[in-house]
1. Do any residues in the stretch 86-101 that are of a type in the set (Val, Ile, Thr) have Cβ atoms under 6 Å from those of residues that are assigned to a strand (DSSP E or B), where the two are at least six apart or on different chains, and which pairs are they?
2. I need a count of the residues in the stretch 35-47 that are out of contact with any strand residue (DSSP E or B) (no Cβ under 9 Å at 6 or more places or on another chain), surrounded by 10 or more Cβ atoms within 10 Å (Cβ to Cβ) and modelled with pLDDT of 70 or more.
3. Scan the stretch 64-95 residue by residue and report those that are loosely packed, with under 10 Cβ neighbours inside 10 Å, modelled with pLDDT of 85 or more and not charged (D, E, K, R).
4. May I ask you to list pairs of residues, at least six apart or on different chains, whose Cβ atoms are under 7 Å apart, with the first in the stretch 8-22 being in contact (Cβ under 8 Å) with a residue 60 or more places away in the chain and more than 17 Å from GLU52 (Cα to Cα) and the second being surrounded by 12 or more Cβ atoms within 10 Å (Cβ to Cβ) and of a type outside the set (D, E, K, R)?
5. Are any residues in the stretch 1-17 assigned to a loop (DSSP other than H, G, I, E, B) and under 12 Å from the mean Cα position of the chain (by Cα), and if so, which ones?
6. With respect to ILE50, determine if the residue is under 17 Å from the mean Cα position of the chain (by Cα) and either at pLDDT 70 or above or surrounded by 10 or more Cβ atoms within 10 Å (Cβ to Cβ) (or both).
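The values are calculated or read from the model by the stated rules, or taken from the named source; none is laboratory data. Everything quoted here is computed from the prediction, not taken from an experiment. As a convention, Cβ positions derive from the backbone with ideal geometry for all residues, glycine included, and neighbour counts pool all protein chains shown.
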Amino acid sequence: MYNGKTITFQCSNDENIFERLSDDINKDTSNMSFLYNGDSINEDFDLQKIKENEIKIIIIDFELERLENESLKQSKEIICPICKESCEINFNNYKISLFNCIGFSKNK
């Protein structure tokens, strides 16, 4: 899993999966962290120890996360997640409703 998408490829036990992944996504993997079964793995990860035919690795791209965090700005107004414009908010029976914005018809 990388950036919310599943990347699937076949490789042999002696192949370096980090180099293969770097080629597939066209990015350097040095600013990334890899998790397999909840444990962090690195270049020394040995596929031969895994008895499964298919493994799932979660990839965390620190550069991508930094760019996303830099693009977020704090607003004093409530912003509609659909149209990204100012809107009003209503709480009724533990439900949140957004209205009076361009995306109002989609928020119903």
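1. From residues that are of a type in the set (Val, Ile, Thr), the pairs are ILE89/LEU98.
2. 2
3. PHE91, ASN92, ASN93, TYR94
4. Listed by first residue and then by second, the contacts come to nothing, as the list is empty.
5. Residues satisfying the conditions are MET1, ASN3, GLY4, THR6.
6. Considered against the rule, which asks whether it is under 17 Å from the mean Cα position of the chain (by Cα) and either at pLDDT 70 or above or surrounded by 10 or more Cβ atoms within 10 Å (Cβ to Cβ) (or both), ILE50 comes out as no.
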